[in-house]
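A short write-up of the structure that comes next.
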Amino acid sequence: MSAALTFPREPHRRGMVRVESWWGRAFLRAIEELAYDDNQLSGARSLARSGRIGGLVVEPGRFAAAVDDERGLWTVTGTVPVLDEDSVAALAEVLGASPERAEALLVGELPLDVAEHAEEAGIELVPYGDELAVTCTCGHWHAACGHSLAVLHQLCWIVDRDASALLHLRGAERDELLGRLRSGLRQDRPAGPAAAAIAVAGESTRDQVDDVEIALDAVLRARHLLEE
């Protein structure tokens, strides 16, 4: 069973929160598609900065948080489509194409070329607005109420800081991707006559596999140190 990621309550913030990454901006555009007007978006951003949203729980395909306002305490839940097994495998293959991509995964980065190659394989990493389904216990007439949009903004800030949160939400968990990378490298490493053929033909293919595996080992060691 997939583990849930729990992110602590965001503190009160003054002023606009800037979304810097390409994937964060894409996620923000999807959120903006849900609002019925700019005033609702402005109010949702203010609520998101107010420090009145509790810890945000992110699971593959689902997220949830509690929101406290002057009328009471509300629960917001949302869903997004998850990537299927073939898409996760294809994404792992894209990530394994260079050592820099494996390193980026640990530090929460998502290089644009990863998204471009994933898109060529039919994989959309950032959900569209019509793929974001939200509900709130406040009973607002619009499907995406101010509470829901506020929670989505906080989710966007989390995703912007750490792309692995986006991948987790989409069903491509970091540990699974790293495991697939290691497994794929072991399967792809030539042995016996194949290794001899590479030695004769040149070292570039073997060197590339070695570089990725070295980077992946460094990623896994660093992750272990961070968790201690």
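Read-outs throughout are calculated quantities, based only on the coordinates presented, and are distinct from any laboratory measurement. Predicted model, so just to flag it, every value in this text is computed and none were measured. Heads up, the Cβs are rebuilt from the backbone with ideal geometry, glycines too, and the neighbour counts pull from every protein chain shown.
What does the net charge come to around Glu109 if you take all other residues with beta carbon closer than 10 Å to its beta carbon, with K and R at +1 and D and E at -1?
Working: positive: Arg101; negative: Glu100, Glu103, Asp162.
In short, -2.
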With x for Gly and Pro, the residue-by-residue ³J(HN,Hα) of the stretch 152-165, computed from phi through the Karplus equation 6.51 cos²θ - 1.76 cosθ + 1.60 at θ = phi - 60° and given in whole Hz, is 4, 5, 5, 4, 4, 5, 5, 4, 4, 6, 8, 5, 5, 5
Residues of the stretch 28-53 with backbone nitrogen within less than 18 Å of a virtual label 7 Å along the Cα-to-Cβ line of Trp141, please, listed as ranges.
35-41
Given 0.36 nm per residue, what is the gain on full extension from Ala133 to Asn39 after removing their alpha carbon distance, in nm?
31.8 nm
